[in-house]
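The values are calculated or read from the model by the stated rules, or taken from the named source; none is laboratory data. The shown structure was predicted, so the numbers you read here are calculated from the model rather than taken from an experiment. No Cβ is skipped: glycine too gets one built from the backbone with ideal geometry, and neighbour counts run over all protein chains shown.
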Amino acid sequence: MNTDDIHPIRGDCSTPISSTLLDQPLVFIHENHLRQRHICAVIDEIAQHHVQKKDIRAILTFLTNELPLHLQDEEEDIFPLLMRRCEPEDEIGRAISKLTVDHAHAGADIPKIVEILEKLETEDIEPNETESSALTEFTAHSRRHLILENAVILPIARARLTDADLSNLSIRMCQRRSVKPPQEKSHEEHD
């Protein structure tokens, strides 16, 4: 697994990430962060009264299906792996503590954002001032969170996680998504 070979794979980031990238878990996570940034940009457009129903449906799918899995990937697997593998000088505990608080904040905010978006989709209306404010606050918080993950967590993960860690991470992420791990797929192809 070569996790150093990070390059844009997503195109416009408007569709879910292909499960074929799960064999490269850090690339998959990076791609998820690109998708999340795209989702934030679309939410900002909605907050500015540029509402398109297809955009709302895609955002709702991301917030209710994809993002919870991503947060689990980080909290249940990546953060604990980093806590075990990092050196004291990495000071990873402080970054993980901040991100864990951010995840709790997102967990509290997501139902409100989903409620706003469902209302906009169902009633075919634009957001009011309070709703627009909630949407833009959510995206601003999400972007700050992504900066920390992309600038600190992913580079340290690339440096500290072993091939065995990445393989196990891949398997756990596949299981979480009910997808066969890449190792099982390759064995089936040879049978």
Task: Residue pairs meeting the criteria (Cβ under 6 Å; at least 6 apart or on separate chains; first over 18 Å from Ile39 (Cβ atoms), in the range 13-25; second assigned to a loop (DSSP other than H, G, I, E, B)) - done: Ser19/Val179; Gln24/Met1
- [ ] State yes or no: is Thr139 assigned to a helix (DSSP H, G or I), touching a helix residue (DSSP H, G or I) at 6+ places or on another chain (Cβ under 7 Å), closer than 23 Å to Ala47 by Cβ and hydroxyl-bearing (Ser, Thr, Tyr)?
- [x] yes
Task: the range 121-136, residues that are modelled with pLDDT under 95 and under 17 Å from Phe62 (Cβ atoms) - done: Glu121
TODO: Among residues belonging to the range 43-86 that are free of Cβ contacts under 8 Å to residues at least 24 places away in the same chain and acidic (Asp, Glu), point out the one that is farthest from Val27 (Cα to Cα).
DONE: Glu45
Task: Condition broken by Thr64, with the remaining ones in (1) more than 13 Å from the chain's Cα centre (by Cα); (2) hydroxyl-bearing (Ser, Thr, Tyr); (3) in a helix (DSSP H, G or I) satisfied - done: (1)
TODO: Might you check whether a residue that is without any contact (Cβ under 8 Å) to a residue 40 or more places away in the chain, under 17 Å from the mean Cα position of the chain (by Cα) and surrounded by 12 or more Cβ atoms within 10 Å (Cβ to Cβ) occurs anywhere in the range 109-121?
DONE: yes
Open item on the list: Residue under question is Arg57, and the condition is that it be part of a helix (DSSP H, G or I), charged (D, E, K, R) and modelled with pLDDT under 95; does it hold?
Closed with: yes
- [ ] For the range 165-188, state whether one or more residues are farther than 30 Å from Val51 by Cα, over 22 Å from the mean Cα position of the chain (by Cα) and of a type in the set (Ser, Thr, Tyr).
- [x] yes
Open item on the list: Quick check on the range 1-22. Is at least one of its residues among the hydroxyl-bearing types (Ser, Thr, Tyr), under 15 Å from Asn150 (Cβ atoms) and at pLDDT below 95?
Closed with: yes
TODO: Could you run through the range 143-161 and say how many residues are charged (D, E, K, R), under 15 Å from the mean Cα position of the chain (by Cα) and either within 13 Å of His30 (Cβ to Cβ) or surrounded by 15 or more Cβ atoms within 10 Å (Cβ to Cβ) (or both)?
DONE: 1
- [ ] Considering every residue within the range 79-91, establish whether at least one is within 17 Å of the chain's Cα centre (by Cα), surrounded by 15 or more Cβ atoms within 10 Å (Cβ to Cβ) and not charged (D, E, K, R).
- [x] yes
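So which of Ile96, Ile29 ends up being closer than 19 Å to Cys174 by Cα and either β-branched (Val, Ile, Thr) or in a helix (DSSP H, G or I) (or both)?
Ile29
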